[in-house]
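The values are calculated or read from the model by the stated rules, or taken from the named source; none is laboratory data. Since the structure is predicted, the reported quantities are computational estimates derived from the model, not experimental observations. All Cβ positions, even for glycine, are placed from backbone atoms using ideal geometry, and neighbour counts span all protein chains on display.
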Amino acid sequence: MTQAAVYVASCDRYDPESIAGHVRKAADALGVTLPGSGSVLLHPSCPLAHPRFAPDAVTNPAVVEGAARSVSGASLTLATASLPGFPTRYSLGRAGYDRLAGRLRATKAAFDEGPYVPVPSAPALALPRSWVDASFRIALPRLTGSAYLPFAGALRQLFGLLPAGTQSAEHHRMVETIGSLVLAARPDLVVVDAITATHRGGEPSGWPVDLGLLIIGTDPVAVDLVCGAAYGVPAVAMRDLVARLGRADAPGALADVRIIGDVNLEELARRGARVERMDPAPENHALPRQVRILRSPRASPTGVSATLREAFAVLDRAGISLDKARETTIVIGAVDSVPPPTVDTAAIVFMDDTSRATYAGYSRIVRLTGRTPTLAKVLIDVPFAMTIANVRAELGLSFTVAGLTARLSGMLRGSRGPGGAAAGSPGSKGGGDPAAQNR
């Protein structure tokens, strides 16, 4: 196997022309011919954009513009998808991508509203037609924390190409599914926005940390091995992650990657020491004494448990404290029994279809449905049950309207892929989801 190369540029400001220069220089060093014609798809990260809940989650528009300038003359499409349950059209404007697309004269596309087509090498999976039809694809992930993986970068962004329903169905096999996408959905170029990454939080919720880097390559596995070094992830954790991908044709460790450009491995490690990674276990969060989490040892640490931790991180980022929560017991997986509450108003929350326990005395019983409820569902329903926030109300009427419009658009355009569902979660009345009300 030829040693994969990754170009690391030192870049400490969001200047589009400077970024374009780094992309051109990296492409030349990597042997990539940047097109001056044809169709180019720009795919930034956009898990959620909201001034309070997710103010720093998206790829900075300057990085997108810099990539666009590097392919001057091509026909541009700016396309992305938010996390399942968060309509992409809700986030596009808040991320600044609506204005950017207009300035670049680029077509906008929300993957969750367009059609999907089957992947020949993996018939159970489907990719957005806009992605498949583009003659050149530039992935533009932002380097962020994650409760599901050691961090979110190039590999995590591949999973977001799938229909929302497929993402939910394959969540428990996220890494293995990404392994199938590494070849089937490989972009022509990956430009990771690590000028200012995020840490001390999850995918939509981290706090800014200046790393001053652009990490550029053609192999998402090689790119993420370098991102792992820049994010302070232990080498053994990265080797384990790559091994789970099941790709014999991919580099297995950072030693298999040739780092070129402005920054060497020693400097990467120095900058990575700035990162404070989030503990993905929700029970290790700073919980007040009236909130308890009971998690089965058999429950997957990257399933709904990680989603709950992501939700707690979003609440933290928004300044919403758990200290004023009603007495709440949260059950993850099958546990033997639940201690009785000490007050008449206590709530018990069962986090998914596998969560069960013997209990008595709780006045509010909430059951989230599905094998792995989405972050959107958990973020809306759990704080509402705990009486600490009505997240749906804070997201506003535009969130509900965007969800309805996205689902209608998806149905009209046939956005359902094999095994998938149209984007967005069913509309809810009030603060919580009807499927998560008292039983």
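Inspect segment 138-146 for any residue being under 20 Å from residue 253 (Cβ atoms), not assigned by TED's automatic domain parsing to the domain that holds residue 302 and not in a loop (DSSP other than H, G, I, E, B) and give the result as yes or no.
no
Are there any pairs with C-beta distances below 6 angstrom linking a residue in segment 32-48 that is free of Cβ contacts under 8 Å to residues at least 12 places away in the same chain to a residue that is assigned to a loop (DSSP other than H, G, I, E, B) and surrounded by fewer than 18 Cβ atoms within 10 Å (Cβ to Cβ), with the two at least 6 apart or on different chains, and if so which?
none
For residue 265, only one of the following conditions fails: (1) buried (at least 21 other Cβ atoms within 10 Å of the Cβ); (2) in contact (Cβ under 8 Å) with a residue 24 or more places away in the chain. What is its number?
Tallying (1) buried (at least 21 other Cβ atoms within 10 Å of the Cβ); (2) in contact (Cβ under 8 Å) with a residue 24 or more places away in the chain, residue 265 fails exactly one: (1).
Looking only at residues in segment 288-315 that are basic (Lys, Arg) and assigned to a strand (DSSP E or B), which one is surrounded by the most Cβ atoms within 10 Å (Cβ to Cβ)? Reasoning before the result, please.
The first filter runs over segment 288-315 and keeps only residues basic (Lys, Arg), leaving 289, 292, 295, 298, 309.
Still in the running and assigned to a strand (DSSP E or B): 292, 295.
Details: 292: 16, 295: 20.
That would be 295.
Considering only residues that are free of Cβ contacts under 8 Å to residues at least 40 places away in the same chain and not in a helix (DSSP H, G or I), which ones fall in segment 228-249?
Of the residues in segment 228-249, the ones free of Cβ contacts under 8 Å to residues at least 40 places away in the same chain are 234-236, 239-240, 242-243, 248.
Across segment 228-249, the qualifying residues are 234, 248.
Can you tell which of 5, 62 is part of a helix (DSSP H, G or I) and either free of Cβ contacts under 8 Å to residues at least 24 places away in the same chain or in contact with a helix residue (DSSP H, G or I) (Cβ under 7 Å, 6 or more places away or on another chain) (or both)?
Working: 5 fails: part of a helix (DSSP H, G or I).
Testing whether each residue is part of a helix (DSSP H, G or I) and either free of Cβ contacts under 8 Å to residues at least 24 places away in the same chain or in contact with a helix residue (DSSP H, G or I) (Cβ under 7 Å, 6 or more places away or on another chain) (or both) leaves just 62.
I'm trying to understand the selection: among the residues of segment 181-198, which are in contact with a helix residue (DSSP H, G or I) (Cβ under 9 Å, 6 or more places away or on another chain) and either in a strand (DSSP E or B) or not assigned by TED's automatic domain parsing to the domain that holds residue 150 (or both)?
Scanning segment 181-198 gives 189, 190, 191, 192, 193, 194, 195, 197.
Restricting the search to segment 316-338, which residues are buried (at least 22 other Cβ atoms within 10 Å of the Cβ) and part of a helix (DSSP H, G or I)? I'd like the intermediate steps shown before the answer.
Going residue by residue through segment 316-338, those that are buried (at least 22 other Cβ atoms within 10 Å of the Cβ) are 317, 328-332.
Hit for segment 316-338 is 317, nothing else.
Taking the condition of being modelled with pLDDT of 95 or more and either surrounded by fewer than 23 Cβ atoms within 10 Å (Cβ to Cβ) or touching a helix residue (DSSP H, G or I) at 6+ places or on another chain (Cβ under 6 Å) (or both), how many residues in segment 119-129 meet it?
Of the residues in segment 119-129, 3 are modelled with pLDDT of 95 or more and either surrounded by fewer than 23 Cβ atoms within 10 Å (Cβ to Cβ) or touching a helix residue (DSSP H, G or I) at 6+ places or on another chain (Cβ under 6 Å) (or both).
Could you tell me which of the residues 225, 268 is within 19 Å of the chain's Cα centre (by Cα), part of a helix (DSSP H, G or I) and over 25 Å from residue 282 (Cα atoms)?
Step by step, each of 225, 268 is checked, and only 225 is within 19 Å of the chain's Cα centre (by Cα), part of a helix (DSSP H, G or I) and over 25 Å from residue 282 (Cα atoms).
So which of 201, 160 is small (Gly, Ala, Ser) and in contact with a helix residue (DSSP H, G or I) (Cβ under 6 Å, 6 or more places away or on another chain)? Please lay out each step first, then the result.
Numbers: 160 fails: in contact with a helix residue (DSSP H, G or I) (Cβ under 6 Å, 6 or more places away or on another chain).
So the residue among 201, 160 that is small (Gly, Ala, Ser) and in contact with a helix residue (DSSP H, G or I) (Cβ under 6 Å, 6 or more places away or on another chain) is 201.
Each row is one residue, and each column tells you yes or no for (1) at pLDDT 95 or above; (2) surrounded by 23 or more Cβ atoms within 10 Å (Cβ to Cβ).
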residue: 358; (1), (2): yes, no
residue: 367; (1), (2): yes, no
residue: 373; (1), (2): yes, yes
residue: 382; (1), (2): yes, yes
residue: 388; (1), (2): yes, no
residue: 403; (1), (2): no, yes
residue: 407; (1), (2): no, no
residue: 437; (1), (2): no, no
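Restricting to segment 250-262, what's the tally of residues that are of a type in the set (Gly, Ala, Ser), in contact (Cβ under 8 Å) with a residue 24 or more places away in the chain and not in a loop (DSSP other than H, G, I, E, B)?
Taking segment 250-262 as the starting set, the residues that turn out to be of a type in the set (Gly, Ala, Ser) are 250, 252-253, 255, 261.
When the remaining residues are screened for being in contact (Cβ under 8 Å) with a residue 24 or more places away in the chain, the result is 250, 253, 261.
If we keep only those that are not in a loop (DSSP other than H, G, I, E, B) too, we end up with 261.
Within segment 250-262, residues that are of a type in the set (Gly, Ala, Ser), in contact (Cβ under 8 Å) with a residue 24 or more places away in the chain and not in a loop (DSSP other than H, G, I, E, B) number 1.
Taking residue 55, is it surrounded by fewer than 21 Cβ atoms within 10 Å (Cβ to Cβ) and either within 27 Å of residue 206 (Cα to Cα) or touching a Cys at 6+ places or on another chain (Cβ under 9 Å) (or both)?
On the way: surrounded by fewer than 21 Cβ atoms within 10 Å (Cβ to Cβ): yes; either within 27 Å of residue 206 (Cα to Cα) or touching a Cys at 6+ places or on another chain (Cβ under 9 Å) (or both): yes.
The answer is yes for residue 55.
Condition first: part of a strand (DSSP E or B) and either touching a helix residue (DSSP H, G or I) at 6+ places or on another chain (Cβ under 6 Å) or surrounded by fewer than 21 Cβ atoms within 10 Å (Cβ to Cβ) (or both). Now tell me which residues in segment 8-34 satisfy that. Outline the logic, then answer.
Here is the first cut: in segment 8-34, the residues part of a strand (DSSP E or B) are 8-10.
Listed by number, the residues that qualify are 9, 10.
Identify the single condition in (1) hydrophobic (A, V, I, L, M, F, W, C); (2) part of a loop (DSSP other than H, G, I, E, B); (3) farther than 30 Å from residue 88 by Cβ that residue 389 does not satisfy, given that it satisfies every other one.
Condition (3) is where residue 389 drops out.
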